[in-house]
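Visitor: The following block contains the structure, expressed as structure tokens.
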Amino acid sequence: MILPRHYEYSAFLPAPPRAVFDYLDDHAQLSSHMSESSWMMGKGRMSIEVDRGGGRRLGSEIRLSGRVLGAELSVTESVIERDPPRIKIWQTTGSPRLLIVGHYRMGFQIGAEPGGSMLTVFIDYALPQFGPARWLGRLLGAFYARWCTQQMGEGAKRHFVEVAAPAVQNVSRLE
């Protein structure tokens with residue numbers, strides 16, 4: 001599968017790599033931006049289903065389906081690499097029914113940094129092959145890739161900033 005387009009987003013998180021990996025390894029957390037109605041989702045949303053492996057094993061399947069801009073969309077993904085707490089990668093299988101991108105490979109990498117972790121979320125993707133979806137992909141594909149990776153990275157960042165903030169406040173009260 002040739003995936004000629006790439007985008008990545010990096011953010012520092014005030015948490016150790018294992019905590020970051022455990023949080024992002026839950027696809028409901030990672031893909032929450034897809035299950036919420038937003039203007040980027042054409043006021044639609046996708047439901048997320050995982051297999052018995054919960055999306056947390058090599059070969060686990062994750063299915064997303066829903067309606068966006070009046071179109072029925074669906075995609076099945078499979079976890080192809082998982083090395084906690086360092087990296088997780090999944091990719092589309094079968095024939096994705098999407099509007100902006102075609103087949104894709106997504107993942108995240110986590111590196112230890114002083115005081116936390118550096119998270120990089122990435123997507124390698126192809127445009128849809130036919131019809132209006134191909135035209136939409138050319139027009140909006142890069143914008144969507146940026147939005148999607150940013151949502152994942154910023155969602156994790158918000159989570160760990162909110163978790164870290166009460167701990168810092170509690171320490172300052174003890175002083």
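The values are calculated or read from the model by the stated rules, or taken from the named source; none is laboratory data. Worth saying up front: this structure is predicted, and the values here are computed from it rather than measured. Please note: Cβ atoms are built from the backbone with ideal geometry, for glycine as well, and neighbour counts cover all protein chains shown.
Visitor: Considering only region 57-89, how many residues are of a type in the set (D, E, K, R), assigned to a strand (DSSP E or B) and surrounded by 14 or more Cβ atoms within 10 Å (Cβ to Cβ)?
Guide: Taking region 57-89 and keeping what is of a type in the set (D, E, K, R), we get 57, 61, 63, 67, 72, 77, 81-83, 86, 88.
The next check asks that each one be assigned to a strand (DSSP E or B); those that pass are 61, 63, 67, 72, 77, 81-83, 88.
With the extra rule that they be surrounded by 14 or more Cβ atoms within 10 Å (Cβ to Cβ), the set shrinks to 61, 63, 67, 77, 82, 88.
Going through region 57-89 one residue at a time, the tally reaches 6.
Visitor: Here is a follow-up. Quick one: which helices (runs of 4 or more DSSP H) lie wholly within region 1-56 and hold at least 3 residues that are at pLDDT below 85? Spell out how you get there, then give the answer.
Guide: Numbers: elements: 17-24, 27-30, 32-35.
Ranges flagged: 27-30, 32-35.
Visitor: Okay, next question. Any residue at all in region 90-103 that is part of a strand (DSSP E or B) and aliphatic (A, V, I, L, M)?
Guide: From region 90-103, those part of a strand (DSSP E or B) are 90-97; that's our starting set.
Then drop every residue that is not aliphatic (A, V, I, L, M), which leaves none.
No, every residue in region 90-103 fails to be part of a strand (DSSP E or B) and aliphatic (A, V, I, L, M).
Visitor: Among all residue pairs at least 6 apart or on different chains, which show Cβ distances below 6 Å where the first residue, located in region 3-22, is under 10 Å from G153 (Cα atoms) and the second is β-branched (V, I, T) and modelled with pLDDT under 95?
Guide: Listed by first residue and then by second, the contacts come to nothing, as the list is empty.
Visitor: Give G111, G141, G116 a once-over and let me know the one that is over 19 Å from the mean Cα position of the chain (by Cα) and modelled with pLDDT of 95 or more. Please lay out each step first, then the result.
Guide: On the way: G111 fails: over 19 Å from the mean Cα position of the chain (by Cα); G141 fails: over 19 Å from the mean Cα position of the chain (by Cα).
Unique residue meeting the criteria: G116.
Visitor: For region 121-144, does any single residue satisfy the condition of being of a type in the set (D, E, K, R), part of a helix (DSSP H, G or I) and either farther than 24 Å from A19 by Cα or touching a Pro at 6+ places or on another chain (Cβ under 6 Å) (or both)?
Guide: Quick first cut of region 121-144, residues of a type in the set (D, E, K, R) only: 124, 134, 138.
Imposing the further condition that a residue be part of a helix (DSSP H, G or I) reduces the set to 134, 138.
Pick out the ones that are also either farther than 24 Å from A19 by Cα or touching a Pro at 6+ places or on another chain (Cβ under 6 Å) (or both) and you get 134, 138.
Yes, that holds for at least one residue.
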